[in-house]
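Novice: Sharing a structure below in structure tokens format, with a few things to ask.
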Amino acid sequence: MEIIELFEKVLNDANYAGEFNFSDLNGIIGEKKYHALAVQTRGKSTCILVFVNGEGEGAIQVDGHGMMFGDKVVYNIDKNGSFRLFLIDKNLAESISARSRIYEKSHLMETEKTRDLPEFSKFSLKPAKITLIITHEGLPAEGLKVKIFRIGDTGLLDTTSKEGHVSFVLHKGKYDCTITDNENREHKYEIIQPGRDAVINLEI
């Protein structure tokens, strides 16, 4: 069976949950911990985001030129557009995401509001990656929720890897950072993005 036919079968068998804009989609899926596919169609191109336990884990794009998977697809979605949401089985969601893995999840969490975080008009430099290495008692802190934001903005949210790493793409400037540990305690820091790729070590 061709992969496009497989997706058609999956969508036909899935439970249709409605149509949502990008920010509402993230909120609903994250709150309900859905296993789901979010589908956006523009002309002859279709983008499919794969969610497992409410987290964006995979992305697929299908068009007349073939298929593309992973992080590159996220850059092509229209965050002003709408998505059709289909609820699917967890095992199926995990299987699909394993073939279309998203590694830079901060891009998927980014909304139109969070894009305005750094006030683009004040900066001529392009955004750069800032990587936080978070440790506890000298050991990598895995699975911690990390939020980067400015007062009054939604911000960007991601989870630390096994190595205690988390990365965000930001414009130059000063940000607030909140790290929520496994006991639900918040640790607050001030982060400065120097306008280039940077690595910051934080001990909680």
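Novice: Give the residues of segment 28-45 that are open to solvent by less than 40 Å² (accessible area, probe 1.4 Å) and at pLDDT below 90, sorted by residue number.
Specialist: Listed by number, the residues that qualify are Ile29, Gly30, Ser45.
Novice: List every residue pair whose Cβ atoms sit under 6 Å apart, with the two residues 6 or more apart in sequence or on different chains, where the first one lies in segment 48-68 and is in the same structural domain as Leu92 (by the TED database) and over 14 Å from Lys32 (Cβ atoms) and the second, anywhere, is polar (S, T, N, Q) and open to solvent by less than 30 Å² (accessible area, probe 1.4 Å).
Specialist: Taking only residues 6 or more apart or on different chains, the pairs are Val50/Ser97; Glu57/Ser97; Gly58/Ser97; Gly58/Ser100; Ala59/Ser100; Ile60/Ser100; Asp63/Ser45; Met68/Gln61.
Novice: Something else: Every residue in segment 74-92 that is open to solvent by less than 20 Å² (accessible area, probe 1.4 Å), of a type in the set (A, V, I, L, M) and at pLDDT below 90, please.
Specialist: Across segment 74-92, the qualifying residues are Val74, Ile77.
Novice: Does any residue of segment 4-17 turn out to be at negative phi, of a type in the set (S, T, N, Q) and either touching a helix residue (DSSP H, G or I) at 6+ places or on another chain (Cβ under 9 Å) or not assigned by the TED database to the domain that holds Tyr103 (or both)?
Specialist: Among the residues of segment 4-17, not one is at negative phi, of a type in the set (S, T, N, Q) and either touching a helix residue (DSSP H, G or I) at 6+ places or on another chain (Cβ under 9 Å) or not assigned by the TED database to the domain that holds Tyr103 (or both), which makes the answer no.
Novice: Does Leu144 satisfy the condition of being farther than 15 Å from His187 by Cα and either surrounded by fewer than 17 Cβ atoms within 10 Å (Cβ to Cβ) or not β-branched (Val, Ile, Thr) (or both)?
Specialist: no
Let's see how each residue does on (1) of a type in the set (Gly, Ala, Ser); (2) within 25 Å of Leu170 (Cα to Cα):
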residue: Ser45; (1), (2): yes, no
residue: Val52; (1), (2): no, no
residue: Leu87; (1), (2): no, no
residue: Leu92; (1), (2): no, no
residue: Arg99; (1), (2): no, no
residue: Ile102; (1), (2): no, yes
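Novice: Which numbered condition in (1) open to solvent by 10 Å² or more (accessible area, probe 1.4 Å); (2) touching a helix residue (DSSP H, G or I) at 6+ places or on another chain (Cβ under 8 Å); (3) within 13 Å of Ile29 (Cβ to Cβ) is the only one that Val62 fails?
Specialist: The failed condition is (3).
The values are calculated or read from the model by the stated rules, or taken from the named source; none is laboratory data. What you see is a predicted model; the values in this text were computed from it and never measured. Neighbour counts are summed over all protein chains in view; Cβ atoms, including those assigned to glycine, are modelled from backbone coordinates with ideal geometry. We work out accessible area using only protein heavy atoms, side chains counted, and drop any ligands, DNA or RNA first. Shrake-Rupley method; radii C 1.70, N 1.55, O 1.52, S 1.80 Å.
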